[in-house]
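Asks: Pasting a structure below so you can have a look.
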Amino acid sequence: MVRDVITIRRLQKYFSEFHALKDIDLSVREGEVIAILGPSGSGKSTLVRCIHQLEPIQGGAIYLGDELLGYERTRSGLRNLSDSAVARQRARMGMVFQQFNLFQHKTVLENLIEGPTQVMGMKRHEAEAQARDLLARVHLSDKADSYPRQLSGGQQQRAAIARAMANRPAVMLFDEPTSALDPELVGEVLEVIREIAATGVTMLIVTHEIRFARDVADRIIFMEDGRIVEDGPTRQIMSAPADTRLGSFLARSM
Amino acid sequence: MATGIGRNTAAVEGPAASDDAAQAVPRGRTRRWILTAVVGAFLLYLVVAAARNPRFEWDIVGRYMFSDLVLEGLVTSLSLTAMLLVFGVLLGTLIGLARASDFAPLRGFAWTFTWFFRAVPPLVQLLLWYNLAYLIPEITLSIPFGPEILSVNANDLISPFTAAVLGLGLLESAYMAEIIRAGLGSVDRGQTDAALSVGLSRRKTFFRIVLPQSMRFIIPPMGSQAILLLKATSLVSIIGLSDLLHTVQAIYNRTLEVVPLLMVATIWYLILVSILSVGQIALERRYSRSFAERKAAVREDLV
């Protein structure tokens, strides 16, 4: 029996008056790689930021496994979780940002051990050993002691992917991981994501790289105006007829 | 047609083997020499005039420069500066954090604090605090509608020293709060996102990720604030605190050697501010190091 890693029920997100996410329902099964496609402003990034508890939600519910995210049940209804409880929930997900967001004042190795030592209670030498393994997986073994600003964009993003894996998360969230990169650096980052996907890690990837999505994703979600308008196996989605909205989006983006 | 473009020059026509920019004579070199000579001569004149003007009474300056009274005043000025800096950094950090808070009443309070203490001139603040006893003769601590716990006569509480610490310290913390708020705001929002995303609590995010990175923006303006503060302490002479300026004033009121004693104070302030400025330059170098590192990294790429 395959478990659901993430379950979303009737999620609502507002930015003051603007209804950014409307009635989102979604289940992510363990080991599944999902690509989220859609035009700019369709709510893709907001969706992963809500899952990761970086944005408060205004309705519905998100579960990580069986656990309700961000709230606890009390006799009088739901109540916001404490900051430390939310932090513990976040630590069970890994997030990769468009702008990499490596800690600028720490070396690559220090970036990778921050979560394990500060949150997961791992011993420093264990965390360092694990960090070196992760750096090998993203082909950055020689950059452990470099500072982020000494790395190219592609190297920074690969280091950020390794950092996101350092807490051994149940799911990896990617928020447009290649959109801030020079075109010649996109390939190396996609290659690393592909390699990690092949090891069975559950992934939600917001991306504009249609070809990559087709190659790596088991399932594709297409969003428009804050709604999920298509959700299905990659092969089926990619053969969408050109007269549908999805079809014309794919035709424009290829 | 005349082709000359200047008195001794001719327009260049076609390439010549002798043309070489390395041999070119810079323009305006003579003018610079003349200007340097004029300014130099003027400065020399000022020094000689000051040295030879008997009214400066340099022997008296020399006699008081290291006198016990003057040195005591100097120590008072320095310790007041140090105390105000600590006071300003501590309270300023709290106010700065309050200004960056997402709790509106706290933000409002912090805004009002900085608005008031930055708007009222320091001299006025010193006099106000010094005369606090007139406004509130007794400071009492009591249980509301209950008995008094503690009662102090404001005149006993507000000595020139406490008035100075309050008057300049509150002002200083208002400036520090602005510096800290700006520094925290200079750290990219993505750093907070990333810190939360690896599971750090809000407190750890602030202390381990945001604050260390904001120091680069906070420390240099704090250094220049310290220099301004040292100079501002001379204002406390108005409420009779025996700082450097008040000490020399007390001496010349007795001996009538006004100018030589003001020179003593001037020279000491020059020395102290120069020392602080050297420290300030070192601080700025250290905290812009990341920029130098970036340049080094670019060089590595080119090799």
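Asks: So if I take the alpha carbon set of segment A:103-164, get Rg, then get Rh from the Kirkwood formula, what is the Rg over Rh ratio?
Replies: Ratio of gyration radius to Kirkwood radius for segment A:103-164: 0.94.
Asks: A further question on this structure: Only Cα pairs within less than 10 Å get springs; with that Gaussian network setup on chain A, which residue of A:ILE205, A:ILE196, A:ILE36 has the largest fluctuation?
Replies: In this elastic network of chain A, the residue with the biggest mean-square fluctuation among A:ILE205, A:ILE196, A:ILE36 is A:ILE196.
Asks: Hey, how much of the P(r) for chain A falls beyond 22 Å, as a percent of Cα pairs?
Replies: Counting pairs separated by more than 22 Å, the tail of P(r) holds 56 percent.
Asks: Mind checking the angle between helix B:211-232 and chain B's longest principal axis? C-alpha axes, 0 to 90 degrees, to the nearest 10.
Replies: 80
Asks: A further question on this structure: Skipping prolines and chain starts, which residues have an amide H placed within reach, meaning under 5 Å, of the one on A:ARG219, given they are 5 or more residues away or on another chain?
Replies: Here the answer is A:VAL33, A:ALA35, A:THR234, since their amide H atoms fall under 5 Å of that of A:ARG219.
Asks: Rounded to the nearest 500, what is chain B's calculated 222 nm mean residue ellipticity when only DSSP H runs of at least 4 contribute -39500 (n - 2.57) each, over all residues?
Replies: For chain B, the value works out to -23000 deg cm²/dmol.
Asks: Would you kindly state the longest site-free stretch of chain B, with sites defined as chymotrypsin sites (Phe, Trp or Tyr not before Pro) in a DSSP loop (not H, G, I, E, B) surrounded by at most 15 other Cβ atoms within 10 Å?
Replies: B:146-303
Asks: How about segment B:8-90: which GluC sites (Glu not before Pro) there are in a DSSP loop, with at most 14 other Cβ atoms within 10 Å of their Cβ?
Replies: B:GLU13
Asks: To the nearest 10 degrees, how steep is helix B:104-119 against the longest Cα principal axis of chain B, on a 0 to 90 scale?
Replies: The answer is roughly 70 degrees.
Asks: If you don't mind, another one. Return the single residue from A:ASP243, A:ASP231, A:ASP23 with maximal mean-square fluctuation; model: Gaussian network over chain A, springs between Cα atoms under 10 Å.
Replies: Evaluated over chain A, the most mobile residue of the options is A:ASP243.
Asks: So who's got an amide H within less than 5 Å of the one on A:TYR71, skipping anything under 5 residues away but keeping other chains? H placed 1.01 Å off N, in plane.
Replies: A:LEU81
Asks: Then there is this: In segment B:11-101, which trypsin sites (Lys or Arg not before Pro) are in a loop and have at most 14 other Cβ atoms within 10 Å, using DSSP for the loop call?
Replies: Qualifying residues, ordered by number: B:ARG27.
Asks: Moving on to the next point. By the scheme Lys and Arg +1, Asp and Glu -1, what is the net charge of all other residues having a beta-carbon under 15 Å from that of A:GLN99?
Replies: In short, 0.
Asks: Can you spot the aspartates and glutamates whose alpha carbon is less than 16 Å from A:LYS143's alpha carbon? Ignore those fewer than 8 places along the same chain.
Replies: Those aspartates and glutamates meeting the cut-off are A:GLU110, A:GLU128, A:ASP133, A:GLU188, B:GLU293, B:GLU300, B:ASP301.
Asks: In whole Å and largest first, what semi-axes does the C-alpha gyration tensor of the protein assembly as shown yield when each eigenvalue is scaled by 5 and square-rooted?
Replies: Output for the protein assembly as shown: semi-axes of 60, 40, 21 Å.
Asks: Under a 10 Å cutoff between Cα atoms, tell me which one of B:PRO15, B:PRO26, B:PRO121 has the largest fluctuation in the Gaussian network model of chain B.
Replies: Maximum fluctuation in the GNM of chain B, among the listed residues, is at B:PRO15.
Asks: At a threshold of 8 angstrom on Cα-Cα distance, excluding pairs fewer than six apart, so keeping six or more, what relative contact order does chain A reach in percent?
Replies: Relative contact order for chain A comes out at 26 percent.
Asks: Can you pull out the GluC sites (Glu not before Pro) in segment A:24-85 whose DSSP state is coil and whose Cβ has at most 16 other Cβ atoms within 10 Å?
Replies: A:GLU30
Asks: Right, something else. Please list, in order along segment B:168-182, the HN-Hα scalar couplings obtained from phi with the Karplus expression 6.51 cos²θ - 1.76 cosθ + 1.60 (θ = phi - 60°), rounded to whole Hz, x for Gly and Pro.
Replies: 8, x, 5, 4, 4, 5, 5, 5, 4, 4, 5, 4, 5, 4, 5
Asks: Net charge near B:ILE227, counting Lys/Arg +1 and Asp/Glu -1 over other residues with Cβ under 13 Å of its Cβ?
Replies: Combined, the nearby Lys, Arg, Asp and Glu give -1.
Asks: Then there's this: Cα centroids of segment A:203-248 and segment A:138-166: how far apart, whole angstrom?
Replies: That distance is 29 Å.
Asks: Further, regarding this structure: Using only DSSP helix segments of four residues or longer, with each worth -39500 (n - 2.57), what per-residue ellipticity at 222 nm results for chain A after dividing by its residue count and rounding to 500?
Replies: -10500 deg cm²/dmol
Asks: Then there is this: Note down the net charge around B:ARG99, summing +1 for each Lys or Arg and -1 for each Asp or Glu among other residues with Cβ under 12 Å from its Cβ.
Replies: For residues surrounding B:ARG99, the net value is 0.
Asks: A further question on this structure: Rounded, prolate or oblate for segment B:40-87? Axes are the square roots of the Cα gyration tensor eigenvalues, ordered a ≥ b ≥ c, and the cut-off for rounded is a/c under 1.5.
Replies: oblate
Asks: List, in the order given, every pair from A:LYS13/A:LYS44; A:LYS44/A:LYS106; A:LYS13/B:LYS204 whose Cα-Cα distance in the structure shown is over 22 Å.
Replies: In this structure, A:LYS44/A:LYS106; A:LYS13/B:LYS204 lie more than 22 Å apart at Cα.
Asks: Quick one: Cα convex hull volume of chain B, Å³ per residue?
Replies: For chain B, the hull spanned by Cα atoms encloses 309 Å³ per residue.
Throughout, read-outs are computed from the coordinates displayed, never taken from laboratory work. These figures come from a predicted structure and were not determined experimentally. For neighbour counting, all protein chains shown are included, and Cβ atoms are generated from backbone atoms with ideal geometry for every residue, glycine included.
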